[in-house]
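The values are calculated or read from the model by the stated rules, or taken from the named source; none is laboratory data. Quantities reported herein were computed from a predicted structural model and do not represent experimental measurements. For neighbour counting, all protein chains shown are included, and Cβ atoms are generated from backbone atoms with ideal geometry for every residue, glycine included. Protein only, heavy atoms only, side chains kept; ligands, DNA and RNA dropped before computing areas. Shrake-Rupley method; radii C 1.70, N 1.55, O 1.52, S 1.80 Å.
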Number of protein chains: 2
Amino acid sequence: MSRRPSPTRDRGIPEATVARLPLYLRALTGLAERGIATVSSEDLAAAAGVNSAKLRKDLSHLGSYGTRGVGYEVEYLVYQISRELGLTQDWAVAIVGVGNLGRALANYGGFVSRGFRVAALLDADPEVVGDTIAGLNVVHIDELETVIKRRGVSIVVLATPAQAAQAVCDRVVNAGVTSILNFAPVVLSVPESVEVRKVDLSIELQILAFHEQRKADRESGGPLMAVENQ
Amino acid sequence: MSRRPSPTRDRGIPEATVARLPLYLRALTGLAERGIATVSSEDLAAAAGVNSAKLRKDLSHLGSYGTRGVGYEVEYLVYQISRELGLTQDWAVAIVGVGNLGRALANYGGFVSRGFRVAALLDADPEVVGDTIAGLNVVHIDELETVIKRRGVSIVVLATPAQAAQAVCDRVVNAGVTSILNFAPVVLSVPESVEVRKVDLSIELQILAFHEQRKADRESGGPLMAVENQ
DNA sequence: ATATGTGAACAGGTTCACAGCG
DNA sequence: CGCTGTGAACCTGTTCACATAT
């Protein structure tokens, strides 16, 4: 319950900051490829699509990796952020559910960028078990626990149909996995020691529709002042 | 710059609330299918994976749709949330980029649930132009502006390679589209009147890796108290 | 001289706890 | 009496503006 202050440095990096570190890392990688060795918070922030104050505050949580009057050394910062995100080791990822989406994920190149490796594909459908997708053999879901243990899988991507997701999730958690990326449109229940991130296409669309509608409302009703509604 | 207070009701629904409305809607749909007519904030919150105080506060932003001592009428609430999200009309969506991911999205059923209709598929590759995917003919990207206008597309899903994304985005914005769902791993620059939502698989994985690593750190270094690190 | 790192002010979101309505 | 709706307290995250280091 108490958040012991580390003797060396506060390891409690704000969640909002963690969510932006990958953005900075990508921007830095782009700069490095263009041969840029040093960058100011202003320029890096622009490349990552945030403002510079936020960037500096974010980086300050990792440590003091810039030089006043100069900026940040690109290579060095890439390393520090990679290390903080845990990308200096690589993580074995299993994809469960090899339908259209699972297949797309397996083939998605940038997905397996630095730090991640698709170590297994699993599915319940005997029709696809045995197929080779992205150079990997599709294994039957019965093998789930075995595969997770044998291949050292620590992150599972769920791309199953909605009805199957919770059951698969339970098995995955039971097998000791504590990080799940869920594409199925359901709210998974898991112990709180397990981290679930959710990607939900229809939710994103609905949020867009809300804003789109608001714009339409403004155009027609705004200037004239709305009259009805109850 | 000023946020004129509406005479009838405050239309300024917090962004965080908007992002959860689709969750409530899905939970309510599930309840309706199971024939449940009335639900308490406690139960609905549980089904949506949030706490009940948050749910009540969220719903209070839409209006007073519950009955004290009783709960919420499921059908009625479904309608109110649908209306608020703009799902009572349906939105024409175009998917640009019909690679693995675009194909998966086109075929994804739940994607086209209530309120959305895939109205066009576009790609630059002459190899796939003319193909039929999910019952739709793939059109060449040259037709982008024409298709958007002719089919009344108001939401565009970008599933192009990273290098192409900004250029396509510019054309889409120029054609008058103000809502974009971006799957390409780039920061798009758009006028601020345009709403962009981003889905980025590798960012999600990196966030999971961060937490996964922290757990590992704790197990080994935590109880023994870390010693090195600078 | 210049750009970082950060305290302080601010804004937005969450949780608490209870008044108020059915 | 039960459950909603909401002010108030709290917490997290963002922005400002400048002291500080090179």
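General observations
- Phi angles of the stretch B:89-96 translate, via the Karplus equation with coefficients 6.51, -1.76, 1.60 and θ = phi - 60°, into HN-Hα couplings of 9, 10, 9, 7, 10, 10, 9, 9 Hz per residue; Gly and Pro are given as x.
- Each eigenvalue of the Cα gyration tensor of the stretch B:39-183, multiplied by 5 and square-rooted, gives one semi-axis; in descending order these are 38, 15, 14 Å.
- Phi to ³J(HN,Hα) by Karplus 6.51 cos²θ - 1.76 cosθ + 1.60 over the stretch A:23-36, Hz, x for Gly, Pro: 5, 5, 4, 5, 4, 5, 4, x, 4, 4, 5, 8, x, 7
- Average other protein chain Cβ within 10 Å of Cβ, residues B:103-109: 5
- Over all other residues within a Cβ to Cβ distance under 15 Å of A:LEU44, the charged ones net out to 0, with Lys and Arg as +1 and Asp and Glu as -1.
- Binned Cα-Cα distance frequencies in the protein assembly as shown - 20 Å width, integer %: 21, 55, 24, 0
- Charged-residue dipole, Cβ positions (Lys, Arg, Asp, Glu), the protein assembly as shown about Cα centre, Debye nearest 20: 1300 debye
- Label geometry 7 Å along the beta-carbon vector: A:LYS149 inter-copy distances in nm: 6.4
- In the A-B interface, the accessible area buried, summed over both sides, Å² (probe 1.4 Å): 6300 Å²
- Residues whose amide H falls under 5 Å from that of A:ILE155, counting only those 5 or more places apart or on a different chain, are A:ALA92, A:ALA94, with hydrogens built in the peptide plane.
- Surrounding net charge for A:ILE155, when Lys and Arg each add one and Asp and Glu each subtract one, Cβ distance under 13 Å: 0
- When DSSP beta bridges are restricted to pairs lying wholly in the protein assembly as shown, around 20% turn out antiparallel.
- Residue of chain B with the Cβ closest to the rotation axis carrying B onto A, and that distance rounded to whole Å: B:ALA104, 2.
- Taking a straight line from the alpha carbon of A:LYS57, these lysines sit under 28 Å away, with near neighbours fewer than eight places off in the same chain left out: A:LYS198, B:LYS198, B:LYS215.
- Calculated [θ] (222 nm, deg cm²/dmol) that DSSP helices of n ≥ 4 give over the protein assembly as shown, each run adding -39,500 (n - 2.57): -13000 deg cm²/dmol
- Annotation: per residue accessible area for the stretch A:15-85 equals 49 Å², rounded to a whole number [probe 1.4 Å, protein chains only].
- Residue-wise HN-Hα coupling along the stretch A:205-219, computed from phi with Karplus coefficients 6.51, -1.76, 1.60 (Hz; x: Gly, Pro): 4, 5, 5, 4, 4, 4, 5, 4, 5, 4, 4, 4, 4, 4, 4
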